[in-house]
Amino acid sequence: MIKTVKSSDKYKLISFIGNEYRDCPYLYANLIEYGLENPNMSMWTIEEKGATIAIVQKYFSCLHLFSKTDGWVSNELLSLINQEQPRTLFATKKSAEALLALLSDRYYLKIMNLYSLPSDTSPTLGNIPTEYLGRLKQAEIEDIDDIADFLMEDKEYKMNYDRNVLYNQLLERFSDNYSRYYLIKENARIIATISTKAEHPSFAVIGGVLVDDKYRGRSIGKSITYDLSKILQLEGKEMLCYISENNIASAVMFSQIGYNLIGETGKFTAL
């Protein structure tokens, strides 16, 4: 049975996730940051014999699912997905594979590898050009519109987001100090971005690493990832990052900085 979550259930759900938050870092950080008070977020639990066996969360156009057990994928869940029509959907790899048979006509599945750099481990840089090292600047609210436009030039963002939804999500997270956006500009235009896509007191999810096509091949992506990792490491935060299993170049770059593969997550994107 699927039940709508009440505001009073917040800490019960936090306890349910416990130390397994790395299986659902976005869901967990969203829950900690917003509880059930955010109008752009909805949550449900899947119950069996009076006990919670799974959590479902929708934040803007993305649906997150978390469970510690099997057997919770059902027609009732499919009806909820049909009702909410998320643009993207995250679940553990095992759960995503169980969902695939129900969603393959409307979504395609990509496996995302989860990398971690512990808070007590310093990032490493290696021997790369230093032209762009240390040039990363934290964005101001006036930059959010340009950041949204820059990200929407990337085909992955175009598949996962409507431009207005992306802008509103970036703006909300910026205003709530839930995400930080960093950039490098040349001639008053953005040439590279990186961000904390979600932050918790003990960890941050890094993402949005994007370099203008004309500036690629100069180790800018590695420079900005190193710079942000150093900032977060000095704050005592574990760093997490999702990388598509097919994105070998990014996996190599993060590994060279010191990140280690710790898990796999399924990501569905609407066709």
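Nothing in this text is a laboratory measurement; each read-out follows from the coordinates by a stated rule. For clarity, every value in this text was computed on a predicted model and none was experimentally measured. When we count neighbours, we look across all protein chains shown, and the Cβ atoms used for this are built from the backbone with ideal geometry, even at glycine.
Restricting segment 127-184 to GluC sites (Glu not before Pro) that sit in a DSSP loop and have at most 14 other Cβ atoms within 10 Å of their own Cβ leaves GLU131, GLU140, GLU153.
At a Förster radius of 51 Å, what calculated FRET efficiency corresponds to the Cβ-Cβ distance of THR124 and THR4, to the nearest 0.05? Intermediate values should be presented prior to the final figure.
Values: r = 46 Å, r/R0 = 0.91.
Working from the Cβ atoms, E equals 0.65.
Computed over the chain, relative contact order equals 25 percent, with contacts defined as Cα pairs under 8 Å that lie 6+ residues apart. Once you've got the Cα coordinates, tell me which of LYS12/LYS158; LYS93/LYS214; LYS68/LYS237; LYS12/LYS94 are over 27 Å apart. Listed pairs above 27 Å: LYS12/LYS158; LYS93/LYS214.
For ARG180, the residues whose amide H sits under 5 Å from its own are THR196, ignoring neighbours fewer than 5 places away on the same chain, with H placed 1.01 Å from N.
Remark: the ASP70-GLU47 segment gains 7.0 nm on full extension, using 0.36 nm per residue and subtracting the alpha carbon distance.
Distant-in-sequence amide contacts of SER244, defined by a placed amide H-H separation under 5 Å and a gap of 5 or more residues or a different chain, comprise ASN113. Per-residue ellipticity at 222 nm, computed for the chain from helices alone with -39500 (n - 2.57) per DSSP H run of at least four residues, works out to -10000 deg cm²/dmol.
Take THR92, THR130 and order them by how many other Cβ atoms sit within 10 Å, fewest up front. Write out the running numbers ahead of the final one.
Details: THR92 19, THR130 11.
Ranking THR92, THR130 by Cβ neighbours within 10 Å, fewest first, gives THR130, THR92.
Database remark: amide H of ALA54 closer than 5 angstrom to the amide H of ILE46 (H placed geometrically; neighbours at sequence offset of 5 or more, or on other chains; Pro and chain starts carry no H). Based on alpha-carbon centroids, what's the gap between segment 1-26 and segment 79-146 in Å, whole number please? Spelled out, the Cα-based centre of one part sits 20 Å from the other.
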